1. How many residues does region 63-92 hold that are among the hydroxyl-bearing types (S, T, Y) and in contact (Cβ under 8 Å) with a residue 40 or more places away in the chain?
2. Find all pairs meeting these conditions: Cβ atoms under 6 angstrom apart; at least six residues apart or on different chains; first residue within region 31-52 and without any contact (Cβ under 8 Å) to a residue 24 or more places away in the chain; second residue open to solvent by 60 Å² or more (accessible area, probe 1.4 Å) and among the acidic types (D, E).
3. Residue by residue through region 42-66, note down the ones that are touching a Lys or Arg at 6+ places or on another chain (Cβ under 6 Å) and not hydroxyl-bearing (S, T, Y).
4. Condition first: buried (at least 20 other Cβ atoms within 10 Å of the Cβ) and either outside any helix (DSSP H, G or I) or more than 8 Å from the chain's Cα centre (by Cα) (or both). Now tell me which residues in region 61-77 satisfy that.
Amino acid sequence: AAGAQPQPLALSAAPSLESAAASVGAPAATAGAAASASEDASARAVATLRSMGFTQDNALLATVAANNDNEIGACVNDLSALADWDTLLNDLEAMGFDDAGRNRTALVKNRGDVRAAVRDLVKGNGSVQGAVGASV
């Protein structure tokens with residue numbers, strides 16, 4: 001409504017269960033809620049990226065979303081960079097890492113750093129697991 005004045009917050013409003021638990025030091029009660037909210041935000045980011053035409057697998061899109069705190073603009077930049085990483089993907093394949101999806105995920109997770117991607121592929125860190133033909 002035109003000319004309406006903002007209303008002050010009502011002091012009698014009861015806090016939510018999560019905020020009450022957090023204020024008395026109950027992190028276990030809020031940890032589940034935070035993880036659920038993070039998963040929801042990641043799922044929304046993946047759905048948004050899909051609606052924008054990105055066709056990569058969900059694991060890759062979720063990794064990109066997590067790397068960028070679910071900020072869509074940064075996700076788009078990372079996914080667009082994949083087109084420039086064909087040589088890096090070929091290098092990983094030549095090293096014996098035959099799973100293109102895992103290779104892409106490792107590169108995105110490590111922002112194009114091949115050494116870090118190889119380290120993750122060999123160690124099976126995070127969502128990057130089970131590299132074929134890797135030996136250390």
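The values are calculated or read from the model by the stated rules, or taken from the named source; none is laboratory data. If you're wondering where the values come from, they're calculated on a predicted model, not measured in any experiment. FYI the Cβ positions are ideal-geometry reconstructions off the backbone, even for glycines, and counts take in every protein chain you see. The area values use the complete protein model at the heavy-atom level, side chains included, leaving out ligands, DNA and RNA. Shrake-Rupley method; radii C 1.70, N 1.55, O 1.52, S 1.80 Å.
1. Restricting attention to region 63-92, the residues satisfying the condition of being among the hydroxyl-bearing types (S, T, Y) are 63, 80, 87.
Now restrict to residues that are in contact (Cβ under 8 Å) with a residue 40 or more places away in the chain: 63.
Summing the residues that are among the hydroxyl-bearing types (S, T, Y) and in contact (Cβ under 8 Å) with a residue 40 or more places away in the chain in region 63-92 gives 1.
2. If the second residue must be open to solvent by 60 Å² or more (accessible area, probe 1.4 Å) and among the acidic types (D, E), the pairs left are A33/E18.
3. Within region 42-66, the first condition is being touching a Lys or Arg at 6+ places or on another chain (Cβ under 6 Å), and the residues that meet it are 60, 63.
Once the filter is applied, which keeps residues that are touching a Lys or Arg at 6+ places or on another chain (Cβ under 6 Å) and not hydroxyl-bearing (S, T, Y), region 42-66 yields only L60.
4. N70, C75
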